[in-house]
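Notes to accompany the following structure.
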């Protein structure tokens, strides 16, 4: 395919344009969902289960209803039939048996599950009334971990009879044959802890019911408003066009926010029942037990190699804890683990099994780099263990096995149950590794690795990764010429704080060959703007919406040429469009504002994913007295195909790396044996702060544009997080090489690192 | 009960329940929604405002405790048009993405730079470590604050 990647007038794409959004965010004029107010508005508060597993005998709302300011209390009994939340991804019949009811119905299965909704004049009065609801729940034995779940002695869903909703298998080649004759194999068992996206803005919604029109408006949606409209319309028994989804400013998503949650039905329902606008804002404690969790996985992984370090095969079995229900995209991480465990490496024979289990914990969903963060931790750790076993340099081992450019497109394993095939589209994986090593000064620092310097053990590591993006099937945009000759861009994409307005305006301005300030407005997220939209997830917007804008701009320019040619009596090919004018032969011209009202639709359709790729390197110092790991340097290099805005891309990368460091060192949802969440506040759930990781260097490249879309873009929002766990764990292993410790579990919290050192000392494994 | 204080240079008088936080009072009684509420337990710092010049978590302070105080929010640190030097520096360094923590970062940084316009990077990190940001990884925020020091050194101590 021809890729018109460079045009003479291409001035905005690739430039570090300061963001348009910043003007309102910096001055306190952003409009987030809790900032909204409406006439006659009431407030909703959710009563959540404090029991992890139990049978609901009764919920008595009489006293709560009698409290001052309370307008309604809604429980499952008020709903008649209780709808379940449909799966957005991978809706296999097996998984659909575990869909979450919009309100606890007969049973509760996790701490935090909605039991009732109180509607009152203020949030405080609604919260007061929560205490007056009398709930009788008979506690049942709790499934608090994966091993208990797999025994199927305590069952979460009696009607189904097993805690294993489904198993996935991804295959390439003949793995057993490859292992049978392999000269060397190595096996290890890894664990990645439960942690989550935790965006800074808690969720919120505002629902307004129009009784006359029988129409609901739900504000505060994001990510996938069109999908959620479909789901909500069905649950409410309304035609889709009677459901309006409106996006406001969104305080971070990272995969979790914007999926369909119970409240996305309960709040509109309350608005219809009370015929009053209803606003709901969760608090942080609720947020930590109600928003999707993620990552909770263990994996048995085995690799086969030649003695000189050529990888022959990879096989394994991962078990992912989905929590109490299968949510909208609950299986996505499992699917990714099965498919991309091999990463950017040439592994001819692969077989990955993934078993999904349910437990009495908060359900999981996607979190930036779903399944990829987990797989990269397992794979990159195993690679360093193998290199050490075989006495091969870690770099040489990776270089030898990276997929080369000549091998592109390179197919990954096929997910059998879901019939999902994908292939690496393009890239020079060795080049990003080399660049990373250069920036990191690997040769110089490798002399320090494993050394005890001023009381701390120093270590370095590097890892390579792939970032899948550009998920299909399509995205749609609309470009319209306004009365003043400026352009309005309407997109089906959603903003979760990543800077959509700015970067899409850059693409539009270049595609139209107009100054950026001629792009008057970028309207996104709401269902009002385009007939069909798909939203923002899976690093898709720069690929799908970006190329749809190019398509729309091409159509708009053609239409302007054609219209101008008719008026100027010439051929469309004789019309030039320049600086807001359509210019014909003999300098006859028409101003663009004379075309006001013209609007065109553009689309980009593709089911092929793009693959950005790169390498990260880390330099750590481990204090053996405390187990604290200090990050002395971190270098991230990624080739994203085509850079739209280096400023925002850099921000995404550094932000993602630090999120990954949170997952590698700090963040963990801890439950006790009764299924109680012990880390339900920011005092217990530790997120990175400004003083934790002061040195992160990120370098973005655009050496290899994607050959499968006109802009050459690839997804780029998630790459920064993907390799972090593996890279820093390998750096810790390198630092502690004299103790021969092998970090197999995340997070590498001070107690865990300290314990590894202590047990190595006790067992006498340490070489000094 | 009634409470009287000054917000962004203007006197206000509000009738509030004693249990109402200053954050909720600012947001829902006075319409100053630039102050954000991220955790309601004093950890995230999104609700930081200035009370008599000091950076304070408005989710941990009751509105009635603000009696007679001078309260400044992000709106009060902003101009009618355009951006202040601190805000300009944030934009230049791409020190914000979703913008939710940003008002707390601006108020915290303003309080710091007003008191210590010569502070070094470690001091900036130390002070900002009381404000959580999930998007940026903080590095750009620290750079933005360091880059804004010059404006505070030039202007001397600002309100």
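Structural remarks
- Every residue from the stretch A:700-727 that is away from chain B (no Cβ under 14 Å), more than 18 Å from the chain's Cα centre (by Cα) and not in a loop (DSSP other than H, G, I, E, B): A:701, A:726, A:727
- Of all residues assigned to the stretch A:294-305, at least one qualifies as being in contact with a helix residue (DSSP H, G or I) (Cβ under 8 Å, 6 or more places away or on another chain), under 30 Å from residue A:118 (Cα atoms), at pLDDT 95 or above and buried (at least 23 other Cβ atoms within 10 Å of the Cβ).
- Put simply, of A:84, A:61, A:27 the only residue that is within 29 Å of the chain's Cα centre (by Cα) and farther than 30 Å from residue A:507 by Cβ is A:84.
- For the stretch A:641-679, filtering for residues that are more than 10 Å from chain B (Cβ to nearest Cβ), within 21 Å of residue B:43 (Cα to Cα) and either assigned to a loop (DSSP other than H, G, I, E, B) or touching a strand residue (DSSP E or B) at 6+ places or on another chain (Cβ under 8 Å) (or both) leaves 9.
- Checked against (1) buried (at least 24 other Cβ atoms within 10 Å of the Cβ); (2) not in a helix (DSSP H, G or I), residue A:377 passes all but condition (2).
- Any hit, the stretch A:141-152, residues being crowded, with 17+ Cβ neighbours inside 10 Å, assigned by TED's automatic domain parsing to the domain that holds residue A:280 and under 23 Å from residue A:369 (Cβ atoms): yes
- Qualifying positions in the stretch B:6-54 - within 26 Å of residue B:115 (Cα to Cα), surrounded by fewer than 23 Cβ atoms within 10 Å (Cβ to Cβ) and away from chain A (no Cβ under 13 Å): B:6, B:9, B:10, B:11, B:51, B:52, B:53, B:54
- Verdict on residue A:132 being over 21 Å from residue A:269 (Cβ atoms) and in contact with a helix residue (DSSP H, G or I) (Cβ under 6 Å, 6 or more places away or on another chain): yes
- With respect to the stated conditions, residue A:129 fails to be surrounded by 16 or more Cβ atoms within 10 Å (Cβ to Cβ) and in the same structural domain as residue A:316 (by TED's automatic domain parsing).
- Applying the set (1) under 24 Å from residue A:87 (Cβ atoms); (2) touching a residue at least 40 places away in the same chain (Cβ under 8 Å) to residue A:279 leaves exactly one unmet item: (1).
A quick yes/no check of all residues on (1) surrounded by 18 or more Cβ atoms within 10 Å (Cβ to Cβ); (2) facing another protein chain (nearest Cβ under 8 Å); (3) over 23 Å from residue A:648 (Cα atoms):
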{"position": "B:103", "(1), (2), (3)": "yes, yes, no"}
{"position": "B:106", "(1), (2), (3)": "yes, yes, no"}
{"position": "B:109", "(1), (2), (3)": "yes, no, no"}
{"position": "B:118", "(1), (2), (3)": "no, no, yes"}
{"position": "B:125", "(1), (2), (3)": "yes, yes, no"}
{"position": "B:129", "(1), (2), (3)": "no, yes, no"}
{"position": "B:134", "(1), (2), (3)": "yes, yes, no"}
{"position": "B:145", "(1), (2), (3)": "yes, no, no"}
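- Under the condition of being more than 27 Å from residue A:360 (Cα to Cα), in contact with a strand residue (DSSP E or B) (Cβ under 7 Å, 6 or more places away or on another chain) and not in a loop (DSSP other than H, G, I, E, B), the residues counted in the stretch A:144-189 number 11.
- Only one of the numbered conditions (1) closer than 29 Å to residue B:137 by Cβ; (2) in contact (Cβ under 8 Å) with a residue 12 or more places away in the chain; (3) facing chain A (nearest Cβ under 9 Å); (4) in contact with a strand residue (DSSP E or B) (Cβ under 7 Å, 6 or more places away or on another chain) is violated by residue B:95, and that is (4).
- Of the residues making up the stretch B:55-68, those that are in contact (Cβ under 8 Å) with a residue 40 or more places away in the chain and surrounded by fewer than 21 Cβ atoms within 10 Å (Cβ to Cβ) are B:61, B:62, B:64, B:65, B:67, B:68.
- Residue A:368 being within 24 Å of residue A:193 (Cβ to Cβ) and under 21 Å from the mean Cα position of the chain (by Cα): yes
- Of all residues in the stretch A:65-99, exactly one satisfies the criterion of being without any contact (Cβ under 8 Å) to a residue 24 or more places away in the chain and part of a strand (DSSP E or B), namely A:84.
- Positions within the stretch A:427-467 being under 24 Å from residue A:622 (Cα atoms) and surrounded by 22 or more Cβ atoms within 10 Å (Cβ to Cβ), in sequence order: A:436, A:440, A:457, A:458, A:459, A:460, A:461, A:462, A:463, A:464
- Residue in the stretch A:728-743 that is touching a residue at least 24 places away in the same chain (Cβ under 8 Å), in a helix (DSSP H, G or I) and within 14 Å of another protein chain (Cβ to nearest Cβ) present: no
- Scanning the stretch A:35-42 turns up at least one residue that is modelled with pLDDT of 95 or more and under 30 Å from residue A:649 (Cα atoms).
The values are calculated or read from the model by the stated rules, or taken from the named source; none is laboratory data. As the structure is a computational prediction, the values presented were derived from the model and not from experiment. Cβ coordinates were reconstructed from backbone atoms using ideal geometry, including for glycine residues, and neighbour counts include every protein chain displayed.
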